[in-house]
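Everything below concerns the one structure shown next.
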Amino acid sequence: MNELRPYLSMMRPYRGRLLIGAALMLVTAASGIGLLALSGWFITATAVTGALLAAGVAARLDIYVPGGGIRTFAVTRTVARYFERVFNHDVVLRLLRDLRGQTFSRLANLSPGVLGQLRSGELLNRLTTDIDRLDGLYLRGLAPPLVAGLAILITVALLAIGSIAVALTAGLILMTAGALIGVRAWFSGQALTRRLASANANLRAQLVDHLRGLTELKAFGSVGYHRKRVDGLDEEERAGEERLAIEIATGEAILHGTLQLVAVGVLLTALSLFAADRISGAVAVMMPLAILALLEPLGVLPGSGLHLARARASAKRLDTRSTDGTYSSQETHPGDGDGDGSQSTEVTPGQAGDIRFESVTVRRGAGAKVLDELSLTVGEGEHVGIIGASGCGKSSLANLLAGWLVPDSGQVLVEGKPVKKQDFASHLARLGYLTQQTDLFSGTIAGNLRVACAEASDARLWSLIEVLALDEFVASCPDGINTWIGESGLEVSGGQARRLALGRVMLRDAPIVVLDEPLSGLDEATAAQVSSAIERWLTGRTAIVLGHEPSAIPSVDRLLQLRTGRLARI
Amino acid sequence: MKPSEWLAREGRSVTPRLRLAALYGVIEGLLIIAQAGLIAWLVHQVVMAGASLNALLTPAIMLILVVLLRPVAQILRARVSIAASSTVRQRVRSRLIDHAETLGPAGLASRDTGETASQLTEQISALDGYYSRYRPQMTVAVVIPLAIAITAFTQDWIAALFLVVSAPLIPLFMALVGMGAERLNRDQFESVARLSGQFLDRVRGLTTLRLFGRVDDATDGILAGSDEYRQRSMRVLRVAFLSSAVLEFFASVAIAVIAIYIGFGLLGYIEFGPAPELTLFSGLFVLLLAPEFFQPLRTLAQHYHDRATALGAAELLMGFEAEGETAAQDRSETEAGGPTACGESLMRAAPAAGARTPDGHGGLRATDLKLERPGRGIVLEVPELVAEPGERVLIEGPSGTGKTTLLLALAGLLSPSTGDIRRPPLDQRTAWLGAPPFIASATLRENIRLGYPDASDDALEAAANRAGVIEFAERLPAGLDTGVGERGVGLSGGQAQRVALARAFVSPAPVILLDEPTAALDAETERYVLDGLSALATEGRITVIASHDRVLRDSAERRYQIRHARLEPVVDE
């Protein structure tokens, strides 16, 4: 349960609402019990009285109080159920809001490597599923056992009118059965969900491979070979789903059976108590009916056990995902962000400092050196181009400079100060870094650019768009710079996205600049135009430009090649 | 076809099992009636007739038996329907994967692979509830209330009338409420989708947000967006919950009305109709049946969202399937009406056609091709392309001019709109080195084996050695058995290219197609690739390379270039 603790504590601010929600659930359950029990009591009482009257015996029965009670229960059950659902879903959506916010800030502390992986559809997909499961933690996982327990208590109280011994025995059996079945669902649910989750992920990964590799598989004539693996995993996944569904259905059936048996037991006992003249006939009928009315609140226990198990698995996944970052939390400050970043500082050439890599070594995976005692000094205002094949460590170089990657030995200094000792936010504020990956947000073109500088004027954005040869494209968009792009908006090409990302960095106006493959996805003519724009903009800034070949970067003062972890002049 | 019809069609294969599941459901319902009757009988005998419990041993034991049988029926029903649903999903998934395979890379190009994969996994899983819960319950929800109404009629027709009158009102009210909810739903759908997409969007772009110091702003945005999402969702939910409240209301009121009617009847206050004949047995029997009359309907209403989920999934899956259908239609139209048959069907007849290749022993020849991509029209015209065995053919041209399209056509994965392609006879296999090369989430060994599943381990290792895979695999913990790909060790571009090259080595394919093989390679890998190409050429294989890399010019025997959407031969200066 430890994994769930942070999510339980998230509910604390909503204590009041959660209590009201649970109370509404209880009122619903209680009205259901009351309706059936009182109805049974009422008709038995009327039957007995009616028989006495028919026999000529003077008898009286107050029919207005129970009649009114029955009508009240009927209405409260409906109304309470409706408001319970509306109210609780509102609370759940409030919790979802906090959950998203919290998950997001935790993810924000991940290392860029892990963040890069988050772009993959599979992880994102699982992230949403996990959050969805956790938002139901209260409504589907925690509240039902609580309400079931309280409903049993109400029934016990009703039974106690007839016989305290029967009430306690029945209550004990029901509590034990409910708990046993719920706990069983929780344990087997954990094992089964774990297996199912991995079967799911395997199937998905294999399917992605099958589709992505279809060209190769079809060409090589090995579709059938790979398909067998997909089919095998499909079998495994469905078997897992079946087992889980059967487990839950069996739990529910056993719980129902137990409840009915208890009801029959109570009925027979109550009838014998009646025969012994210890209780009235009406009470004897009310007692088993009160038990039968428990079917609704108790029936959901196996499901809620499973739900808790799933929520726990989700919490665990969210937790590992957000704690395996490589840099510690002290490097990120709570204030890491707004203000600092968006303020553009006017830069004059003399202000740009130098960059120094001092025998930096970075190891990856099984000890392979990505960077091997690499040293490099980029003077104030100097532009250095670094060429290297993909996977040779260029992006590591850039991430070292950003402080996202900590060298295994050696150090990186910017403006004479070691990167790792600098305040994270103010360091990033002086850095203009174009990452290899292009991130566009669904939003307007202007909004995407203003990520770099919230106050940038429309005129400033337009001049930037012109410089990046995007003017023709933007002018053709229905709403100009206010055109919605990205998901559920206009689609932009890879080259256009790249230029928007570049525009963002240029808007930033930082003295230290790192550009990782700035011209990727651009055709020759556009690349030439953007290239000269970059050259003009870089004047007065200290810059490192990375590319896979010399033609992939603008002209620079010094061109170096990165191979086997070291730099060499070309 | 409507999604509901699609769901019904898919369920046809398991109809007997769904009927069996419904039968178990009906049996359980009949047991409920028996249980109510027995309880009422026991109560009546003891309370009214003064019988002793000992004399009622038989009904008591029968009651216990009924109570024990109910969970058995419940479990049997669950097992049968769960298995039926699994069968449907297996068939749908298998058929849709077949579809994806038929569509091929060209047909799938416009789709996001991750999205398609999630449709084939999650959307198909989303069909589950419809078959395993909703469908059997549909039968149960008709039969059981009917059986209960008939039973109630035998006891007291006025009480039964209360049930029967309220029953048709329920779907009516639910439909009214449902219509309102649907309209609200439609109105809100887009904005709700946009809001829920916002979170994922921000997560995807976290790196950028951090660089620009905008994480806190984004968090605020997510909170504000989620609040808006909540308000909009609640507007829909408030109406949606009304429909279940209607059911709840009828169930509760019917119980209350029947209890009060029976009570007054038993007291002798009601003197018309069957009321004077009411006994505690008939009264209690009807009262116990009243909630059970509504229960199957309520369960059906609970499973209604299973249906809605399945309908949504069905619509997506149908869309995917339709893509296949239109493509197949296009193809059959071209086959029937076009002046020349399409490439694929010609290739099937390749052995015969192969005899007519220029030199008679298995070259590759394309004539008068027009290549089309969906949504882009004709992208490339190929008057003639010839490649003899042992030749390396280079196709040059800037990116985006149709080089990959041409390779797809040569591999038989894209049917040309007109023209024909003759490939070497006998062996239709083609080695393909894509850009970037495809690396499956599997071991290095399995990745190489994808080129030729029947390859022996020796042949495989020899290929790995020739392509320079062994060189880096040696440094990996499990050598060739190290898992690579998205879920294993990440390979650099050069390493991936070597794996692809090993695949080509191990494959006996007579034609080898390469898409930008040297785009982002280190010098060492580039040498492996160039040496490999010449080795493959000496084996007599045909190599077609699409690239704009000048390095490859020297080693090509024949060159073509793409200019103004036409493939032209290049004559050496």
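The values are calculated or read from the model by the stated rules, or taken from the named source; none is laboratory data. These numbers were taken from a predicted model, which means no experiment stands behind them. In this analysis, Cβ positions are derived from the backbone assuming ideal geometry, glycine residues included, and neighbour counts consider all displayed protein chains.
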Reported set for the stretch B:4-54 where residues are buried (at least 17 other Cβ atoms within 10 Å of the Cβ) and over 30 Å from A:V285 (Cα atoms) is B:W6, B:L7, B:E10, B:G11, B:V14, B:R17, B:L18, B:L20, B:A21, B:A22, B:L23
- Query: Do we have any residue at all in the stretch B:385-398 that's more than 10 Å from every other protein chain (Cβ to nearest Cβ) and within 35 Å of the chain's Cα centre (by Cα)?
  - Reply: no
Scanning the stretch B:499-512 residue by residue, those farther than 21 Å from B:A556 by Cβ, in a helix (DSSP H, G or I) and more than 9 Å from every other protein chain (Cβ to nearest Cβ) turn out to be B:V499, B:A502, B:V506
Among the residues of the stretch B:210-252, the number that are more than 9 Å from every other protein chain (Cβ to nearest Cβ), of a type in the set (D, E) and closer than 30 Å to B:F153 by Cβ is 0
- prompt: Given the structure, is B:H44 of a type outside the set (A, V, I, L, M) and touching a Leu at 6+ places or on another chain (Cβ under 8 Å)?
  reply: yes
Of the residues in the stretch B:408-422, those that are assigned to a loop (DSSP other than H, G, I, E, B), away from every other protein chain (no Cβ under 13 Å) and closer than 28 Å to B:D549 by Cβ come to B:P416
Of the residues in the stretch B:207-234, those that are farther than 26 Å from A:L428 by Cα and basic (K, R) come to B:R230, B:R232
Next on the checklist: Tell me whether the stretch A:33-50 contains one or more residues that are polar (S, T, N, Q), closer than 28 Å to A:A143 by Cβ, touching a residue at least 24 places away in the same chain (Cβ under 8 Å) and buried (at least 24 other Cβ atoms within 10 Å of the Cβ).
Outcome noted: yes
Checked the stretch B:271-312 for anything among the aliphatic types (A, V, I, L, M), over 30 Å from B:V47 (Cβ atoms), surrounded by fewer than 23 Cβ atoms within 10 Å (Cβ to Cβ) and in contact (Cβ under 8 Å) with a residue 60 or more places away in the chain; matches are B:L297, B:L300, B:A301, B:L311
Exercise. Would you be able to say whether some residue in the stretch B:209-220 is surrounded by fewer than 23 Cβ atoms within 10 Å (Cβ to Cβ), closer than 25 Å to A:V48 by Cα, modelled with pLDDT of 85 or more and assigned by TED's automatic domain parsing to the domain that holds B:V142?
Key: no
Exercise for review: Could you tell me whether the stretch B:60-74 includes any residue that is over 17 Å from the mean Cα position of the chain (by Cα), over 26 Å from A:E242 (Cα atoms) and touching a residue at least 40 places away in the same chain (Cβ under 8 Å)?
Suggested key: no
Checklist entry - Do we have any residue at all in the stretch B:253-260 that's at pLDDT 80 or above, crowded, with 19+ Cβ neighbours inside 10 Å and more than 7 Å from chain A (Cβ to nearest Cβ)? => result yes
Among residues of the stretch B:490-530 being of a type in the set (G, A, S) and modelled with pLDDT of 85 or more, the residue surrounded by the fewest Cβ atoms within 10 Å (Cβ to Cβ) is B:A509
Being assigned to a helix (DSSP H, G or I), in contact (Cβ under 8 Å) with a residue 12 or more places away in the chain and over 30 Å from B:A60 (Cα atoms) narrows A:G265, A:G240, A:G224, A:G232 down to just A:G240
Checked the stretch A:99-114 for anything part of a helix (DSSP H, G or I) and either at pLDDT below 75 or more than 8 Å from chain B (Cβ to nearest Cβ) (or both); matches are A:L99, A:Q102, A:T103, A:R106, A:P112, A:G113, A:V114
Among residues of the stretch A:161-191 being crowded, with 19+ Cβ neighbours inside 10 Å and of a type in the set (S, T, Y), the residue nearest to A:R310 (Cα to Cα) is A:S188
Of the candidates A:A170, A:A151, A:A191, the one satisfying the condition of being of a type in the set (G, A, S), without any contact (Cβ under 8 Å) to a residue 12 or more places away in the chain and assigned to a helix (DSSP H, G or I) is A:A191
Would the stretch B:19-27 turn up any residue that is in a helix (DSSP H, G or I), under 30 Å from A:L233 (Cβ atoms), touching a residue at least 40 places away in the same chain (Cβ under 8 Å) and more than 10 Å from chain A (Cβ to nearest Cβ)? yes
Does the stretch B:386-397 contain at least one residue that is in a strand (DSSP E or B) and in contact with a Pro (Cβ under 9 Å, 6 or more places away or on another chain)?
yes
Checked the stretch B:265-309 for anything closer than 20 Å to B:A40 by Cβ and among the hydroxyl-bearing types (S, T, Y); matches are B:T279, B:S282
Flagged in the stretch A:406-428 as crowded, with 20+ Cβ neighbours inside 10 Å and closer than 11 Å to A:I512 by Cβ, in numbering order, are A:V414, A:V419, A:H427, A:L428
Scanning the stretch A:62-80 for residues that are surrounded by fewer than 17 Cβ atoms within 10 Å (Cβ to Cβ) and part of a loop (DSSP other than H, G, I, E, B) gives A:D62
Taking first residues from the stretch B:423-448 that are within 9 Å of chain A (Cβ to nearest Cβ) and second residues anywhere that are acidic (D, E) and not in a loop (DSSP other than H, G, I, E, B), the pairs with Cβ under 6 Å that are 6 or more apart or on different chains are B:W432/A:E216; B:G434/B:D515; B:F438/A:E216; B:A440/A:D209; B:S441/A:D209
Can you find a residue that is more than 10 Å from chain B (Cβ to nearest Cβ), of a type in the set (F, W, Y) and assigned to a helix (DSSP H, G or I) anywhere in the stretch A:33-43?
no
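To keep it simple, each residue is scored yes or no on (1) modelled with pLDDT of 90 or more; (2) closer than 20 Å to A:E241 by Cα; (3) not assigned by TED's automatic domain parsing to the domain that holds B:R17.
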residue: B:A83; (1), (2), (3): yes, yes, no
residue: B:S86; (1), (2), (3): yes, yes, no
residue: B:Q90; (1), (2), (3): yes, yes, no
residue: B:D98; (1), (2), (3): yes, no, no
residue: B:E101; (1), (2), (3): yes, no, no
residue: B:A106; (1), (2), (3): no, no, no
residue: B:G114; (1), (2), (3): no, no, no
residue: B:A117; (1), (2), (3): no, yes, no
residue: B:E122; (1), (2), (3): no, yes, no
